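Got a structure for you, written out below as structure tokens; questions coming shortly.
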Amino acid sequence: MKTLLEFLREFREFNLCFYRYAQKRLRQFWYWFEAKKDILVGFLMMKRGANQRPFLHSSFIVLVTIGVLMAPAVANSYPTVAAAQLADYTPPSAVLTSFDDSETFTQISEKPRDSIESYKVQAGDTLARIADRYNVSVDSIKWINTDNIKDDDKLTIGVEIAIPPVTGVVVKVKKGETIYSLAKKYKVDAQNIVNYPFNDYTDLDTFALAAGQTLVIPDGVQPEAPNPSFAPPLIAQAGTGTPRSGSGQFMWPTQGVITQRPVSYHMAVDIANNALPPILAADSGTVVLRKELKYDYGKHIIIDHGNGYQTLYGHMSEIYVQVGQNVTKGAVIGKMGSTGRSTGPHLHFEVHKGGVLLNPLNFLQ
């Protein structure tokens, strides 16, 4: 009996040694094969595939053999989990809390249109309804359809009209025109034209244009049309009373001219003024972020209004508040400037809710 046990033990040790030896030899063969396979491939190419089938079959056998020999080692390194264990698994409470206690805010992503669309006028259509459907202004549709839309704004059923991709002007570039001359003509900043991602240029470094090409000028207006502007009332710096939570209705944060309205790729309003007027808190709240960068928003702050809304004020030249400071609606929080990614003095104003950018013009009074 003892002799049989010794035999079985020696046989098991022999098998283990043989397994390790074979594993080592196969590994050495594999390294040698990787180094020499280019010669074999060249030989097969010379034979124009005559030995392709035997090569594939032998390679498959080698791979299967390696898999069988390596399976025990892989199984020991990566143990499996029984189904019963998974059934009893409970996620950590911190993970559950982070999802269950937070407010979910969903926004459907709007893909910006990259070209002019054609629309056939239907019974009951009005310019306002069509403009609202395509999220552009009525004037933008009128400007691109001067032949089909008369001064009385009446539409003819069955007539096809062009719909611009964004609010603004669509022009055919004439010889000698540049983005700078067109920006001046249509009363926008040249940066607005460059920001539109679907405009083409003959030279991406100088933004040169080709005569006859179609160019979209976001927020551009015809020369005879007035440039949109606003004049919010002058509000003195707020007193020392206890700040209240925001109302959700925001006052204009500064005075100036709107140089860019909210669009899909720039969900903010830019207000420019070379006089560098003060920046006011659009609503009561607490300063939760203050940064001074040489890029992006430059010197900027974020105010949390305690009702789910936050507002961002970017490109300021001076900031007068600190993180944690309470401010009331109309309090002076800084001064307009041109810091960060900016081509001139202006305020970049954003409204957030639940981490989602909203159209500020829907809230400003």
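Values in this text are rule-based calculations from the coordinates and carry no lab data. These figures come from a predicted structure and were not determined experimentally. Heads up, the Cβs are rebuilt from the backbone with ideal geometry, glycines too, and the neighbour counts pull from every protein chain shown.
Quickly work out the Met70-to-Asn307 label distance, labels modelled 7 Å from Cα along the C-beta direction, and quote it in nm with one decimal.
6.3
Using 1/(1 + (r/R0)^6) with R0 = 25 angstrom and r between the beta carbons of Tyr265 and Lys154, what's the FRET efficiency to the nearest 0.05? Mind dumping the intermediate values first?
On the way: r = 34 Å, r/R0 = 1.34.
With R0 = 25 Å, the Cβ-Cβ based efficiency is 0.15.
Also: What residues have an amide H closer than 5 Å to that of Leu293, excluding those fewer than 5 places away on the same chain, when H is modeled at 1.01 Å from N in the peptide plane?
Correct list: Gly298, Lys299, His300.
Sequence gap at least 6, Cα distance under 8 Å: using those rules, report the relative contact order of region 229-362 to the nearest whole percent. Could you put the intermediate results ahead of the total?
Details: 364 pairs, mean separation 37.9, N = 134.
For region 229-362, the relative contact order is 28 percent.
Residue by residue through region 201-206, what is 3J(HN,Hα) from phi via Karplus (6.51 cos²θ - 1.76 cosθ + 1.60, θ = phi - 60°)? Round to whole Hz and write x for glycine and proline.
Each residue of region 201-206 in turn: 9, 6, 9, 5, 7, 9 Hz.
Search the structure for amide H atoms under 5 Å from the amide H of Glu318, placed 1.01 Å from N in the peptide plane, and list their residues when 5 or more places away or on another chain.
Those lying under 5 Å, H to H, from Glu318 are Lys335.
Can you list the residues, at least 5 places off or on another chain, whose amide H is less than 5 Å from the amide H of Ser284, using H built in the peptide plane?
Answer set, sorted by chain and number: Ser247, Lys329.
Per-residue HN-Hα couplings for region 267-279, Karplus 6.51 cos²θ - 1.76 cosθ + 1.60 at θ = phi - 60°, whole Hz, x for Gly and Pro?
7, 7, 10, 9, 10, 10, 6, 5, 7, 6, x, x, 9
With a ≥ b ≥ c taken as the square roots of the eigenvalues of the C-alpha gyration tensor of region 229-362, please select rounded if a/c is under 1.5 and otherwise prolate if a/b is larger than b/c or oblate if it is not?
On the way: a/c = 1.34, a/b = 1.23, b/c = 1.08.
It comes out rounded by the Cα gyration axes.
Measure up Lys120/Lys154; Lys185/Lys299; Lys142/Lys185; Lys120/Lys142; Lys142/Lys187 against 22 Å on the Cα-Cα distance and list the ones that go over. Walk me through the numbers before you get to the answer.
Working: Lys120/Lys154 14 Å; Lys185/Lys299 31 Å; Lys142/Lys185 18 Å; Lys120/Lys142 15 Å; Lys142/Lys187 18 Å.
Over 22 Å Cα-Cα: Lys185/Lys299.
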